[in-house]
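> Sharing a structure, written as structure tokens. Questions coming.
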Amino acid sequence: MAEFNNVHSVAEMPEGDDAKRSFHHRMFLEPQEKKRSMKALVVKQAKKTCSCTPAKVKDYVFSFFPVLQWLPKYKLREYLLGDIMSGVIVGVLLVPQSIAYSLLAGQEPIYGLYTSFFASIIYFIFGTSRHISVGIFGVICLMVGQVVDREIQRAGYDLGPAALNVLTDTAAYVNTTISPVNQTSQKLLCDKSCYAITVGATMTFIAGVYQVAMGFFQVGFVSVYLSDSLLSGFVTGASFTIVTSQAKYLLGLDIPRSSGIGSLIATWINIFTNIHKTNICDLITSFLCFLVLIPTKELNEHFKSRLKAPIPVELVVIVAATLASHFGKLKETYGSSVAGHIPTGFLPPRPPDWNLIPNVALDAIPIAIIGFAITVSLSEMFAKKHGYSVKANQEMYAIGFCNIIPSFFHCFITSAALAKTLVKESTGCRTQMSGMVTSLVILLVLLVIAPLFYSLQKCVLAVITIVNLRGALRKFKDLPKMWHLSRVDTVIWLVTMAASALISTEIGLLVGVCFSMLCVIFRTQRPEAPLLGWVAESETYESLSAYKNLQTKPGIVVFRFEAPLYYINKECFKSTLYKQTGVNPVWMKAAKKKAAKRMLREKEVDSGGNQTSISMDFVSEPLGFHTIVIDCCAVQFLDTAGIRTLKEVCKDYREIDVQVLLAQCNPSVRSSLIRGEFFKEGEDHLLFHSVHQAVDFALGAQGHSGTNAAK
């Protein structure tokens, strides 16, 4: 039988009847010429970037400020009513949520209102999505609150259980940027509330810078590592932490907020240790709020197709609870914790505390990534649903500026929020003009209504926060369906959820990313590698283990490796190939050598011919096949270890008179093989464009070889 390097195409065969039976038609594909001149590419890109024409400047300005594109085309009669209605409804819902989530972020209620106000205006200018609602997001507020608590402890402020003191003299803000070196003077210049928003604003500035930088350098690919199952598990795990952090307000307990690794368990231990100190008034209020909010929210969802607008039950509860607390004197009589004084108007703008940047720069990285990942994914989801396009890079700029600019106005980090976006879409939103209407609603609260919430109990805000987590906690109901669709995604969800809840939110996100990447690596490390059979009356080959009634060609084994071939799985490739073919060429060569040595010894001793004949039979024992065709359609790439492995496999099988042919290699793999000198001179025609072509070639070569042997 001819060896691999001696097999030739039909064009090189002797003339005759056998040669007329063409078994392999060479396919000539002329490769595209690739200009690899780095200098030319750099010069071309520099000319494109540095050229400045009026048309290019106009395009750049319009792309950077999308509002200039769509606002002149705004259709008043068609869009205005829907935008006003959705803007008012979202604003009404956003007011109580802004106040409640401020508590979660360790801030005073006024700062949540500031954040929602500025975020809506800035996204109106820079955003490309028509539907998403940008504002406060519970998980991000939780992460901000954890950093704020840590920095307050470092600064030496007393972390008592009472609420943060409300700053009544705005002049104290003038000194918030003083580094907390002298703790005594620092406390005199800036109280705990003042320092908390300083930390939050500094984090917001750094996170915004990260997001704008990611947009500028076009590194949005980072978000691809945050799969849907990972993000869902992270949000659910963080929801448990949020519920835990709000539980003390439900019970009216005065306990410090736990932070760091294992804060969830530590908080619950602390709660049960102090359960005898429960404020009965707060507990009853919480129970009544749950009784009103949960059924009404469920009705809103159940009848959302019939309701023109959702019932603003949160606002109703806040108004009712505030009136009950004020006229019932719940703070004075029962010691209930209340929101306290909420000032009207705006505080003077202030730059972030540059001295705090080294302390919070690392914490801002996961917050920035989560913020832009959620914003971009929601933007693309609603754009696809409504038939328009968004620019992912511009979305990163938009959310970045929604953090950078408000950080000078005593705000904390924002992102898109799914619940409010769904409300916005379902109530008739057509453009981001609805965001401006939402800002006007919040402005009305800031200028007039805010002080009226003085007597609002904090337990009511905690109930609002927890009720809004129902969507994330309901993900447990989807686990059976998720398990049926993909067990790997379900395991990723469970690991990320457990790590985010039991360890910490930041570490949980990191654990989820690392675990999901390990799952991908494990999938390529132990991939499927079936033998293939021929589908009768076609040129198709499919897995023998997956389908019945497939045929095999005599003397030919077709093997498919369903993963890239690289250093991680090269040994798996070899072992699976040897197992599937039933022949390990290395062992067979060793057995032949051992048998040959035994024969020589027997001849020298001259001990008879019986054992010698057995050894000769062993050496010449025929294999069940003469050709292995490797289907490379699922091999996306090869590295140097992969090329070396293919060389070794071909060489080992060639030495036991088995040829190895490669079929369906993509251009990248072909290029890697040629650069890696996989073929000897003149052998590159042995790369086949289909498995059927390779099998026909092997059958023809074997037939031609048998005819020559007969002659």
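The values are calculated or read from the model by the stated rules, or taken from the named source; none is laboratory data. Everything numeric here is computed off the predicted structure, so don't read it as measured data. Reconstructed Cβ throughout: ideal geometry from the backbone, glycine too, with neighbour counts over all protein chains shown. Accessible surface is based on the protein model in full, side chains and every heavy atom, while ligands, DNA and RNA are left aside. Shrake-Rupley method; radii C 1.70, N 1.55, O 1.52, S 1.80 Å.
> If you take the beta carbon distance between W354 and D639 as r and set R0 to 60 Å, what does 1/(1 + (r/R0)^6) give as a FRET efficiency, to the nearest 0.05?
On the way: r = 45 Å, r/R0 = 0.76.
The formula returns an efficiency of 0.85 here.
> Another one. For region 303-377, which trypsin sites (Lys or Arg not before Pro) are in a loop by DSSP, counting at most 11 other Cβ atoms within 10 Å? Let's see the in-between values first.
Values: sites: K304, R306, K308, K329, K331; in loops: K304, R306, K308, K329.
Counting only loop positions with at most 11 other Cβ atoms within 10 Å, the trypsin sites (Lys or Arg not before Pro) in region 303-377 are R306, K308, K329.
> With each label point set 7 Å from Cα along the Cα-Cβ vector, what nm distance links V43 and V488?
Result for the modelled spin labels: 4.6 nm.
> Please work out how much length the chain gains when fully extended from H386 to A361, using 0.36 nm per residue of separation minus the C-alpha to C-alpha distance, in nm with one decimal. List each step's numbers first, then the result.
Working: separation 25, 0.36 × 25 = 9.00 nm, distance 3.75 nm.
Result for the pair: 5.2 nm of gain on full extension.
> For region 450-500, which whole percent of the accessible surface, found with a 1.4 angstrom probe, sits on carbon and sulfur atoms? Working shown, then result.
Numbers: 1510 of 2290 Å².
Within region 450-500, the accessible surface is 66 percent carbon and sulfur.
> Which peptide among 581-589, 427-435, 98-106, 501-509 comes first, and what is the full order, when sorted by highest mean count of other Cβ atoms within 10 Å?
Working: 581-589: 15.7, 427-435: 24.7, 98-106: 27.3, 501-509: 21.1.
With the highest mean Cβ count within 10 Å placed first, the list reads 98-106, 427-435, 501-509, 581-589.
> Can you tell me the FRET efficiency between L623 and E571 if r is taken as the Cβ-Cβ distance and R0 is 22 Å, rounded to the nearest 0.05? It would help to have the intermediate numbers written out before the result.
On the way: r = 23 Å, r/R0 = 1.05.
With a Förster radius of 22 Å, E is 0.45.
> Averaging the inverse of every distinct alpha carbon separation and then flipping it gives the Kirkwood radius. What is it for region 404-487, in angstrom units? Display every interim value, and only then the final one.
On the way: mean 1/r = 0.0598 Å⁻¹.
Kirkwood radius, region 404-487: 16.7 Å.
> For the pairs K277/K481; K58/K304; K304/K384; K73/K420; K481/K570, note any where the Cα-Cα span goes beyond 31 Å.
On the way: K277/K481 43 Å; K58/K304 43 Å; K304/K384 22 Å; K73/K420 26 Å; K481/K570 35 Å.
In this structure, K277/K481; K58/K304; K481/K570 lie more than 31 Å apart at Cα.
> Based on the alpha-carbon gyration tensor of region 479-601 and its eigenvalue square roots a ≥ b ≥ c, which shape applies: rounded if a/c is under 1.5, prolate if not and a/b is larger than b/c, or oblate? Don't skip to the answer; put the middle values down first.
Numbers: a/c = 4.18, a/b = 1.74, b/c = 2.40.
Verdict is oblate for region 479-601.
> Can you work out the Karplus-derived ³J(HN,Hα) for every residue in region 634-649? Use 6.51 cos²θ - 1.76 cosθ + 1.60 with θ = phi - 60°, whole Hz, and x for glycine or proline.
Here the 3J(HN,Hα) series is 9, 8, 6, 7, 10, 9, 4, 5, x, 4, 4, 5, 4, 4, 5, 5 Hz.
> Can you work out the FRET efficiency for the pair S545 and E301, with r the C-beta to C-beta distance and R0 = 51 Å, to the nearest 0.05? The partial results should precede the final answer.
Details: r = 46 Å, r/R0 = 0.89.
With a Förster radius of 51 Å, E is 0.65.
> Give the shape of region 71-166 as rounded, prolate or oblate, defined through the alpha-carbon gyration tensor: a ≥ b ≥ c are the square roots of its eigenvalues, a/c under 1.5 means rounded, and otherwise the shape is prolate if a/b is larger than b/c and oblate if not. Don't jump to the answer; show the numbers that get you there.
Values: a/c = 3.72, a/b = 2.63, b/c = 1.41.
In terms of gyration-tensor shape, prolate.
> On a 1.4 Å probe surface of the protein chains, which of K651, K248 comes out largest in accessible area, and what is the full order? Write down the numbers at each step before the final one.
Working: K651 100, K248 25 Å².
Solvent-accessible surface, decreasing: K651, K248.
> I'd like the accessible area for I365: 1.4 Å probe, protein heavy atoms, all chains in place, Å² to the nearest 10.
Estimated to the nearest 10 Å², I365 gives 70 Å².
> While we're here: Largest first, what is the accessible-area ranking of E78, E648, E602, E539 with a 1.4 Å probe?
Values: E78 95, E648 70, E602 20, E539 130 Å².
Ranked list, largest accessible area first: E539, E78, E648, E602.
> Next question. Quick one: accessible area per residue over region 199-326, 1.4 Å probe, rounded to a whole number of Å²?
On the way: 6190 Å² over 128 residues.
I get 48 Å² per residue for region 199-326.
> Which of rounded, prolate, oblate describes region 275-364, given a ≥ b ≥ c as roots of the alpha-carbon gyration tensor eigenvalues and a/c under 1.5 marking rounded, otherwise prolate only if a/b is larger than b/c?
It is oblate, given that a/c is not under 1.5 and a/b is not larger than b/c.
> What accessible surface, in Å², does a 1.4 Å probe find on M381, ignoring ligands, DNA and RNA and rounding to the nearest 10?
It works out to around 100 Å².
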